[in-house]
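The values are calculated or read from the model by the stated rules, or taken from the named source; none is laboratory data. In this text the structure is predicted, and so the values were computed from the model without any measurement. Cβ coordinates were reconstructed from backbone atoms using ideal geometry, including for glycine residues, and neighbour counts include every protein chain displayed. The protein model used for the area step is the full one, side chains on, heavy atoms only, and it has no ligands, DNA or RNA in it. Shrake-Rupley method; radii C 1.70, N 1.55, O 1.52, S 1.80 Å.
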Amino acid sequence: MTTAAQTLEELSGRRSFTIADVAALPSQLPSGPVDYELIRGKLLMMSPTGDPHGKIQARIVAAFVVQGDQRGLGTTRTETGVILGRNPDTLLGPDVLFLASSSLPVRLSAEGWWESIPDLVVEVRSRNDRNAELVEKVRTYAAAGVRIVWVVDPQRQVVMEYRGDRPAAEFGSADVLTAEDVLPGFRMSLAELFAP
């Protein structure tokens, strides 16, 4: 019988990981729960998030469900793996993702991850997230066809919005986020999002 430590040890010498490798990795290590992402075959280990991250994520999910799912505009998920590329493999688990009804039904891989490309992705910046990693994720999402990427920074209380080839836009607590081309009628007050 192979243990989690043996599996990680066997894979640690590899230069490139695949979707199948990630599916075989343990979700629990001696140090606690862990999730994995892949960017062009490079394995990233993700630890659980803290409370500020969780609060912001929950508020965004609630807004998407009420203003999107319940109005028949699409479907919302949280921390669901999305396959964004193969050979080398890319698998990311955005904090929140939305797929418009025009793109339904969701296509799934054998492992249960999305093969459908979301229309809107939200990444909530955690305390340990580095700028370079977030920029690489944003570029990866855009290259795969994600139409809107929001990077939410709870500490600075800003949202950076990325849309295709347009310059990034920054929104603060006085602003209201909209996404008319993906979620018609959607409005989210950043003052409410960042409220204690």
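With contacts taken as Cα pairs under 8 Å and at least 6 residues apart, the chain reaches a relative contact order of 15 percent. Considering only ALA195, ILE56, ASN87, and ranking their Cα positions along the charge dipole of the chain that arises from unit charges at the beta-carbon of Lys, Arg, Asp and Glu, the one farthest toward the positive end is ASN87.
Per residue, the average separation of C-alpha pairs within less than 8 Å and at least 6 apart gives the range 84-196 a relative contact order of 18 percent.
Distance between the C-alpha centres of the range 31-55 and the range 177-196: 26 Å, rounded to the whole angstrom. Per residue, the accessible area of the range 95-196 comes to 51 Å² when a 1.4 Å probe rolls over the protein heavy atoms. Of the accessible area of the range 1-140, computed with a 1.4 Å probe over protein heavy atoms only, carbon and sulfur atoms account for 51 percent.
Shown for the range 142-196: the carbon plus sulfur share of the solvent-accessible area, taken with all protein chains present and a 1.4 angstrom probe, equals 48%. The heavy atoms of THR90 offer some 10 square angstrom of accessible surface to a 1.4 angstrom probe. Under the shape rule built on the C-alpha gyration tensor, where the axes satisfy a ≥ b ≥ c, the range 37-79 is oblate, since a/c reaches at least 1.5 while a/b does not exceed b/c. Taken about its Cα centre, the chain carries a charge dipole of roughly 180 debye when the Cβ of each Lys and Arg holds +1 and the Cβ of each Asp and Glu holds -1.
Accessible surface comparison of LYS137, LYS55, probe 1.4 Å, protein chains only, largest first: the order is LYS55, LYS137.
Pairs of alpha carbons in the range 56-149 separated by more than 22 Å make up 25% of all such pairs.
When nucleic acids and ligands are ignored and a 1.4 Å probe is applied, ARG59 ends up with an accessible area of around 80 Å².
The residues of the range 15-71 have, on average, 55 Å² of accessible surface per residue, using a 1.4 Å probe with all protein chains present.
Accessible surface for ILE39 stands near 10 Å², nearest 10, in the context of the full protein assembly shown (1.4 Å probe).
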